[in-house]
Amino acid sequence: MGKTERSRVMLLAVLLVVLVAAVAWQLRNSSALGGGGKGSESMTYSPHQVPALDMASLTPVPRRRAEASNNPFVFRTAPTPTPNLTPRPTLPPRPTMPVRRLATPTPRMIKGPHGMLPPPPHFNRVYIGYFGPKKRPVAVFRKGTEVEVALTGGVIDDTFIVRDVGYDDVQIGYVGYPEEVTTRVPLEK
């Protein structure tokens, strides 16, 4: 045997002795193998009753069809909605614009309260706008370079009566003629 082999065998023998000593010391200090070690006197055993296993409680109870699937990723048909049997309330009528009478062509002769009247004179002004509150608008007229204003019911040149002032036209009546004889003058653009 060579020197290197002898030192190897010696090293293995020393390691084997150290391992046996460590295992013996460990076994002496613990009761891992069931032997009596420290504290084995205080350990006691008391038996317990184990209940019998009921197999019926382990089987799932079938659920109703509506509760069958709580999985949001499973396709299923949508439930039919319950119809609402409450009648809809009756809505109040919507406000409407007042009826505007269309301009009628002036007849040749007009039947007045005191007999037949000639056709009314031509309105010789241009309607250029209005101002004032909605309840009492003021119409603005132009004749050449002259500008004149008139309220509803006002008289211009002792001949023309302003019957109605609108956003885009004005209704003109005539002094001495019935109220239904009127002319509509559009807003100048």
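The values are calculated or read from the model by the stated rules, or taken from the named source; none is laboratory data. The structure presented is a predicted model; accordingly, all values stated were derived computationally and were not measured. With ideal geometry, Cβ positions are generated from the backbone for all residues, glycine too; neighbour counts draw on all protein chains shown.
Looking across region 132-161, the residues that are in a strand (DSSP E or B) and under 54 Å from the mean Cα position of the chain (by Cα) come down to V138, A139, V140, F141, R142, V147, E148, V149, A150, L151, I161.
Pairs linking a residue in region 112-136 that is of a type in the set (G, A, S) to a residue that is at pLDDT below 90 and part of a loop (DSSP other than H, G, I, E, B), with Cβ atoms under 8 Å and 6 or more positions apart or on different chains, are G112/G176; G112/Y177; G112/P178.
For region 173-189, the set of residues classified as part of a strand (DSSP E or B), surrounded by fewer than 17 Cβ atoms within 10 Å (Cβ to Cβ) and in contact (Cβ under 8 Å) with a residue 60 or more places away in the chain consists of L187 only. No other residue among V50, V20, V14 is in a loop (DSSP other than H, G, I, E, B) and either modelled with pLDDT under 85 or not acidic (D, E) (or both) apart from V50.
Here is a yes/no grid of residues against (1) in a loop (DSSP other than H, G, I, E, B); (2) at negative phi; (3) touching a Leu at 6+ places or on another chain (Cβ under 7 Å):
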residue: L85; (1), (2), (3): yes, yes, no
residue: P93; (1), (2), (3): yes, yes, no
residue: F123; (1), (2), (3): yes, yes, no
residue: Y127; (1), (2), (3): no, yes, yes
residue: R163; (1), (2), (3): no, yes, no
residue: Q171; (1), (2), (3): no, yes, no
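Out of T77, T104, one residue alone is modelled with pLDDT under 70, assigned to a loop (DSSP other than H, G, I, E, B) and of a type outside the set (D, E, K, R). It is T104. If the condition is being β-branched (V, I, T) and out of contact with any Gly (no Cβ under 9 Å at 6 or more places or on another chain), then region 160-174 contributes V170, I172. Answer with yes or no whether R136 is touching an Asp or Glu at 6+ places or on another chain (Cβ under 6 Å) and on the phi < 0 side of the Ramachandran plot. No, not satisfied. Number of residues in region 143-153 that are surrounded by 14 or more Cβ atoms within 10 Å (Cβ to Cβ) and without any contact (Cβ under 8 Å) to a residue 12 or more places away in the chain: the value is 1.
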